[in-house]
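A quick write-up on the structure given underneath.
Bear in mind that the values in this text are calculations on the coordinates, not laboratory data. Note that the structure is a prediction, hence the values are computed from the model and not measured. Don't worry about glycine lacking a Cβ; one is built from the backbone with ideal geometry, like all the others, and counts go over all protein chains shown.
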Amino acid sequence: MSKRHRGQALVELTLTLPIIALLLGGLVEVGIFINRYLTLIDLTREAARFASNRDSFSTPGDSDCSTSGDLNFYYDTTCIFSSPGPPPACSGWPDTFCNGFNPDLPLKPSQDDIVITVFSVNNNTVTKAWPDPSGYWALSGASNNWQYDCQGNIVTTQPFFSSADVNSFLPPNAPPDKAFVIVEAYYCYYQVLHLPIFYQVIPNPLKIHVYTVMPTVQPPRCMDTIDNDGDGFIDMADPQCVSPTDNDEAN
């Protein structure tokens, strides 16, 4: 090969190598993003499975992921998203938010969030969203991280699913009385490779939102907002209701 041809090949390599490196870097970044996305989906599924087998209307227990016999339905469901620990490795959260199933995707207390809503359905119509009074429970509490994008701008004031949305999903031949739990995860993804060209096209960080819907335990009759025995009294206004957890308005 002549010097002229060798010089031409070197120039071509110099021009194409950055493009090839950028493409390879982009593939790696997309792969990492997809991995985080799928991990988040798996966590919402596990959390929803956990919630579907437990009573969201029972007396709330403690807010500690390390205790197994004192159920706090909403907090303990979000424990699935916590680090397995021990506590010093729990990514800025209190030591009580540790002992979970999430070693690879630490949630950021200032940005990320988990939102849980329970919908009760009577005669194929959503009658109430729980818990009271907001109709949803958020891990971030009053901060409501889920309402913001990753740049700190408010983008929504209502959870992703409304009662009307759930009503639209209900087939007419489904059992008329039921309940659903919806677990939503909001996560700010920060690019790992920090490729400059990506900043100009894709926001960094980028909000990921995933959710899972599962059937769950129906509310007790004495707190389901329905006159179940037809006597004109609802829930605790009914003399037959001993407590909100009473499951019989007639006796």
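Fully extended, how many nm does the chain gain between residue 33 and residue 125 (0.36 nm per residue separation, minus their Cα-Cα distance)? Walk me through the numbers before you get to the answer.
Values: separation 92, 0.36 × 92 = 33.12 nm, distance 3.78 nm.
Difference between extended and current length: 29.3 nm.
Give the peptides 192-199, 208-215, 78-85 in descending order of average Cβ contacts within 10 Å, highest first. Mind dumping the intermediate values first?
On the way: 192-199: 12.8, 208-215: 17.4, 78-85: 22.1.
With the highest mean Cβ count within 10 Å placed first, the list reads 78-85, 208-215, 192-199.
Between residue 144 and residue 14, how high is the FRET efficiency from 1/(1 + (r/R0)^6) when r is the Cβ-Cβ distance and R₀ = 45 Å? Nearest 0.05. Intermediate values should be presented prior to the final figure.
Details: r = 51 Å, r/R0 = 1.14.
My answer for the efficiency is 0.30.
Compute the distance in nm between two label points, each set 7 Å from the Cα along the Cα-to-Cβ direction, one at residue 169 and one at residue 110.
In this crude label model, residue 169 to residue 110 measures out at 3.4 nm.
Using a 10 Å cut-off around each Cβ, can you sort 162, 120, 52, 243 from fewest to most neighbouring Cβ atoms? Could the numbers behind the result be given before it?
Working: 162 15, 120 23, 52 19, 243 10.
In order of increasing Cβ crowding within 10 Å: 243, 162, 52, 120.
Quick one: which residues, 5 or more positions from residue 130 or on another chain, have an amide H under 5 Å from its amide H? H modelled 1.01 Å from N in the peptide plane, none for Pro or chain starts.
It is 118, 119, 120, by chain and number.
Suppose the chain between residue 162 and residue 67 were pulled fully straight at 0.36 nm per residue; how much longer would it get relative to their current alpha carbon spacing? Can you show the working numbers first?
On the way: separation 95, 0.36 × 95 = 34.20 nm, distance 3.23 nm.
That pair, residue 162 and residue 67, stretches by 31.0 nm at full extension.
Calculate the radius of gyration of the Cα atoms of the stretch 3-219 to one decimal place, then report Dmax, the largest Cα-Cα distance, as a whole number, both in Å.
22.1, 84
Would you please give the FRET efficiency between residue 49 and residue 154, computed as 1/(1 + (r/R0)^6) with r the Cβ-Cβ distance and R0 = 30 Å, to the nearest 0.05?
On the way: r = 32 Å, r/R0 = 1.05.
E between residue 49 and residue 154, to the nearest 0.05, is 0.40.
Counting Lys +1, Arg +1, Asp -1, Glu -1, what net charge surrounds residue 76 among other residues with beta carbon under 15 Å of its beta carbon? Let's see the in-between values first.
On the way: positive: 49, 54; negative: 46, 55, 62, 64, 70.
After counting each charged neighbour, the total is -3.
Compute the signed sum of charges (Lys and Arg +1, Asp and Glu -1) over the other residues within less than 13 Å, Cβ to Cβ, of residue 61. Mind dumping the intermediate values first?
On the way: positive: 54; negative: 55, 62, 64, 70, 76.
Neighbour charge sum, excluding residue 61 itself: -4.
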